[in-house]
Amino acid sequence: MFVDPSAPNQADFDTFVYNQGVTTAQLPNNSEYLTWAFTYGVNIANYVTGLPPPSYVLACYNAGFHYLLRTATDQSGQTFFSDTRKQYNLLAFVAGAVISSGDQGTNQTLSGSKGLEDLSLVAMDFLKTPWGQQYLFYAQQYGPNICGVS
């Protein structure tokens, strides 16, 4: 499937993007958004270079795809990216993870990870999509305090 699963590269990132269900009608294969998202993924995942190659590569691609969903504009006649931003609430601010809720009749408290208490804004944003969550999964494998991931 990938040309080089041991090192992140643009061709494999593009393949990853299209394997997530994005079509060339929604994002042409010559789009600068592909390059920008790949670069973002590699740059943010550089902090987790202690990961073994397959995990590091997938960390790069998942972070890049999350960024792509946040930033890419739709092609004429397409609404994929705007629909996805609405679906995952990517343009709305979220102040943190809810750990307790209640009303007059019921109360619920979830015991969250200590890592959820001090998330950076970037990490809170990553929690919104499955790809961002997967990036955080890989990032936390490297250590407890990576890129705002406590």
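The values are calculated or read from the model by the stated rules, or taken from the named source; none is laboratory data. These numbers were taken from a predicted model, which means no experiment stands behind them. Because the Cβ atoms are built from the backbone with ideal geometry, glycine has one as well, and the counts that use them run over all protein chains shown.
Annotations
- Which numbered condition residue 80 fails, given (1) free of Cβ contacts under 8 Å to residues at least 12 places away in the same chain; (2) closer than 17 Å to residue 130 by Cβ; (3) not small (Gly, Ala, Ser): (1)
- Of all residues in region 71-83, exactly one satisfies the criterion of being surrounded by 19 or more Cβ atoms within 10 Å (Cβ to Cβ) and in a helix (DSSP H, G or I), namely 81.
- For residue 150, the conditions (1) surrounded by 12 or more Cβ atoms within 10 Å (Cβ to Cβ); (2) among the hydroxyl-bearing types (Ser, Thr, Tyr); (3) at pLDDT 70 or above are fulfilled apart from (3).
- Filter result for residue 4 (part of a loop (DSSP other than H, G, I, E, B) and acidic (Asp, Glu)): yes
- Qualifying residue in region 31-38 (condition: of a type in the set (Asp, Glu) and not in a loop (DSSP other than H, G, I, E, B)): yes
- Against the conditions (1) at pLDDT 85 or above; (2) over 20 Å from residue 36 (Cβ atoms); (3) part of a loop (DSSP other than H, G, I, E, B), residue 136 satisfies every one except (3).
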